[in-house]
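> Have a look at this one before I ask anything.
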Amino acid sequence: MNTDRANAPVTGKHTVLFLPAGITVEVQAGTTLLAAARRAKVHLPVRCEGKMGCLMCKLQIVSDPPGVLPPAEGERRKLGASINGGTRLACQARVCGSVSAEVPEDPLKRAVRLQLERKPQEEDDFFGFNF
C-alpha cells in the first residue's frame with residue numbers, strides 16, 4: 001500500500017462532507033478538496049486554478065482526525081499560523097481519509113444576509129413594535 005509523508009494510507013475512496021451545505025461526495029485518495037468541491041458542485045472561489053497563488057480557496061477542516069494529508073512547506077508558508085487552527089487551501093489539501101470541511105460564507109452573500117436580518121428589526125423600531 002502507498003503511504004504519504006505521515007504514513008497515512010493514500011489509496012481507496014473516501015467521503016468528503018462540505019459544511020454548512022451538508023453536501024457529500026466520494027473521491028479517490030489523493031484528490032484535492034478543490035477537485036472534490038467541484039465534483040460535488042460546491043462553490044469555492046479560486047483565481048489561480050489551484051496553483052496556491054490567490055489564497056481564495058481557504059476552508060476549515062473540522063473533522064478529527066483531519067482526513068487530509070499534512071500540508072507541504074509552501075502551504076505552511078502561505079497560511080502561517082492559521083494552519084494550526086485547521087485552515088487549509090482546498091487546492092492543496094489532499095484527501096487521505098473521510099473528511100469534513102467548512103466552506104466560509106461568500107462575503108457578498110454574508111453582507112446581504114446581514115442586511116436582511118437587520119431590516120425587520122429596523123422596521124419594528126420604526127413602527128414602535130417592541131417584542
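Bear in mind that the values in this text are calculations on the coordinates, not laboratory data. Here the structure is a predicted model, which is why all the values come from computation and not from measurement. Every residue, glycine among them, receives a Cβ derived from its backbone with ideal geometry; neighbour counts consider all protein chains shown.
> In terms of Cα to Cα distance under 25 Å, which lysines are near enough to Lys78, apart from those fewer than 8 places away along the same chain?
Lys51, Lys58
> If you don't mind, another one. Sticking with the crude label model, points 7 Å out along Cα→Cβ, report the distance from Arg38 to Asp64 in nm, one decimal please.
Inter-label distance under the simple model: 3.3 nm.
> Counting only other residues whose beta carbon sits under 12 Å from that of Leu79, what net charge do I get with K and R as +1, D and E as -1?
Details: positive: Lys58, Arg76, Arg77, Lys78, Arg88; negative: Glu73, Glu75.
That sum, taken over residues with Cβ under 12 Å, equals +3.
> What spacing in nm lies between the two simple spin-label points modelled at Thr11 and Arg113, each 7 Å away from Cα in the Cβ direction?
Rounded to a tenth, the inter-label distance reads 4.1 nm.
> Another question, then. Full-extension gain between Ala21 and Asp106, please, as 0.36 nm times their residue separation minus the C-alpha to C-alpha distance.
Result: 29.3 nm gained on full extension.
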